[in-house]
Number of protein chains: 2
Amino acid sequence: MTDAGHESRRKLLDAALNVVRARGYTATRVEDICSAARLTKGSFFHHFKTKEELALAAAERWGAVTGALFAAAPYRQLSDPLERLLAYVDLRKALIRGELAEFTCFAGTTTQEVHQTHPAIRDACGATIRQHSGTLEADIAAAMRQYGVGASWTVESLALHTQAVIQGAFVLAKATQDPAIAIASLDHLRRYLELLFRSPQAQEERT
Amino acid sequence: MTDAGHESRRKLLDAALNVVRARGYTATRVEDICSAARLTKGSFFHHFKTKEELALAAAERWGAVTGALFAAAPYRQLSDPLERLLAYVDLRKALIRGELAEFTCFAGTTTQEVHQTHPAIRDACGATIRQHSGTLEADIAAAMRQYGVGASWTVESLALHTQAVIQGAFVLAKATQDPAIAIASLDHLRRYLELLFRSPQAQEERT
DNA sequence: GACACCGTACCTACTAGTCGGTATGTTGGC
DNA sequence: GCCAACATACCGACTAGTAGGTACGGTGTC
């Protein structure tokens, strides 16, 4: 799937990613996506049977694009797992710039909107979030071993917590129209991770 | 405003709060709200000129209802400001039960969906979030003084961070259809607050 | 000429908002 | 006490416009 010959299909998906993040899923018309992709409805319904099918494909593409971005990031080469984790947060901070629709998360935005009405889209978006969250778990587990931090919380829960902070930071940024608030929240997340792994008190937690 | 004689108006607002949280703002029809309130469109457009005007009034009501809830909570009587802050998180955890649409946040959900398309609704929701966040600032400031914690972060940013975690926890809960994940994230938030105010390392931060 | 691809025109279901109408008070003059 | 006049609250059928989806025709490529 996603062969080389599907240039228009890719254009439609990328257009959908941008327009839906700006306008929301329900409020974006398929014509909005078509005009953003400089195509027409004929092309749209040639590639996708329904609007919902496009959303599912867009969620899949979102996971692929973001997955490739973080997998190829330079910080992945750091030897210390905690350093990798902190560098991940730094990268997320660095990505917060420009327009809201450009740096916010398609999966989080969409799943929040349609979680009740479109279960298939919700599951597709949820899967990308969980998958992305899962990429952090190896580093968290390694950092736990290396820094001798106890197990009053699980690896999975901390990975998901980082995603919650990021998603929540986006919500706040939209509510206040101020990306700086999102960055400040990621600073708090970073401070939490440092305290969690480096403070003596946390290391005594070996229950 | 919100006199005793506006029973139907209040019913419509409460119905909107529930239906919009479940279905999203754009996807909910005014008829959905009417039938949930056991009223008709005639009544609806008697009380509100447009659907957007209802959303603005609903945001205001959301702020009033939640504001009253937390202002009247027993934990407000605790003498230690840090204890009040931690008890706030505990209360937020305790409120996470039942259906998603019952415990998630109208303001956060709606602002995320319409932030670009309906600036007035976004601002109304954003105002309730900021206002609620502001109610935490006095306790945070008092805890900073009492526990001698340094100022590498601002009172406002920590208050907003708690809201970001809460909003993000809701997003994750919707994405995964698992409220337990939201609770686990609030556990991490609580742990952060404890580390921030109680760990020796954090207290050395007096810059 | 078969097929993938894409454009234009059109169909149809749906929905925000309108409009005439009814019912229920409420005020004030006598 | 009564009634005219008016305001408020509500109902439900209707309208105008919108948006998802379809039909079909054209074009390039193999």
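The values are calculated or read from the model by the stated rules, or taken from the named source; none is laboratory data. In this text, all values refer to a predicted model and were calculated from it rather than measured experimentally. Cβ placement follows ideal geometry from the backbone for every residue including glycine, while neighbour counts extend to all protein chains displayed. Ligands, DNA and RNA are stripped out before the accessible areas are found, and what is left, the full protein with its side chains, is counted by its heavy atoms. Shrake-Rupley method; radii C 1.70, N 1.55, O 1.52, S 1.80 Å.
Between copies, the label points at A:THR135 (set 7 angstrom from Cα along Cα-to-Cβ) are spaced 3.9 nm, reported in nanometres from shortest to longest. Counting only protein heavy atoms and a probe of 1.4 Å, the accessible surface of the stretch B:52-203 is 54% carbon and sulfur. Kirkwood-type hydrodynamic radius, the protein assembly as shown: 22.4 Å, calculated from all non-identical alpha-carbon pairs. Shown is the FRET efficiency for A:ARG10 and A:GLU137, computed with R0 = 22 Å from the Cβ-Cβ distance and rounded to the nearest 0.05: 0.15.
Return the value, in Å² to the nearest 100, of accessible area buried between chains B and A (probe 1.4 Å, both sides summed).
Numbers: alone 11050 and 11060 Å², together 17610 Å².
Interface between B and A: roughly 4500 Å².
Taking all protein chains into account, the per residue accessible area for chain A stands at 43 Å² (1.4 Å probe). Once all protein chains are placed together, A:LEU100 keeps about 20 Å² accessible to a 1.4 angstrom probe. Across the stretch B:130-141, coupling constants 3J(HN,Hα) worked out from phi with the 6.51/-1.76/1.60 Karplus curve, θ = phi - 60°, read 4, 5, 4, 4, x, 5, 8, 5, 4, 5, 5, 4 Hz, and Gly and Pro carry x. Estimated purely from DSSP H runs of n ≥ 4, each contributing -39500 (n - 2.57), the mean residue ellipticity at 222 nm for the protein assembly as shown is -24000 deg cm²/dmol once divided by its residues.
When only alpha carbons are used to place a centre, the stretch B:88-160 and the stretch B:16-64 end up 23 Å from one another.
Taken residue by residue and averaged, Cβ atoms of other chains lying within 10 Å of the Cβ of B:149-159 number 2. Each copy carries A:GLU102; placing its label point 7 Å along the C-beta direction from Cα gives inter-copy distances of 4.4 nm, listed from smallest up.
Between this copy and the others, label points of A:ASP80 are 3.2 nm apart in ascending order, each placed 7 angstrom from Cα in the Cβ direction. Measuring nothing but how far apart in sequence close Cα pairs (under 8 Å, 6+ apart) lie, relative to its length, the stretch B:13-79 scores a relative contact order of 34 percent. The orientation-averaged projected area of the convex hull spanned by the Cα atoms of the stretch A:50-203 comes to 9.6 nm². For the stretch B:33-48, the Karplus equation 6.51 cos²θ - 1.76 cosθ + 1.60, evaluated at θ = phi - 60°, returns couplings of 5, 4, 5, 5, 8, 6, 9, 10, 5, x, 5, 4, 7, 6, 8, 10 Hz by residue, with Gly and Pro reported as x. Inter-chain Cβ neighbour count for B:187-199, averaged per residue, equals 5 (cutoff 10 Å, partner chain atoms only).
Distance from the B-onto-A rotation axis is smallest for the Cβ of the chain B residue given, in whole Å, as B:GLY168, 1. Please name whichever of B:ALA22, B:ALA73, B:ILE121 sits farthest to the positive end of the charge dipole of chain B, dipole taken about the Cα centre and charges placed at Cβ: Lys and Arg +1, Asp and Glu -1. Value: B:ALA22. Hand me the tally of lysine pairs in the protein assembly as shown: alpha carbons under 27 angstrom apart, and the pair either on different chains or 8 or more positions apart. Here the count comes out as 24.
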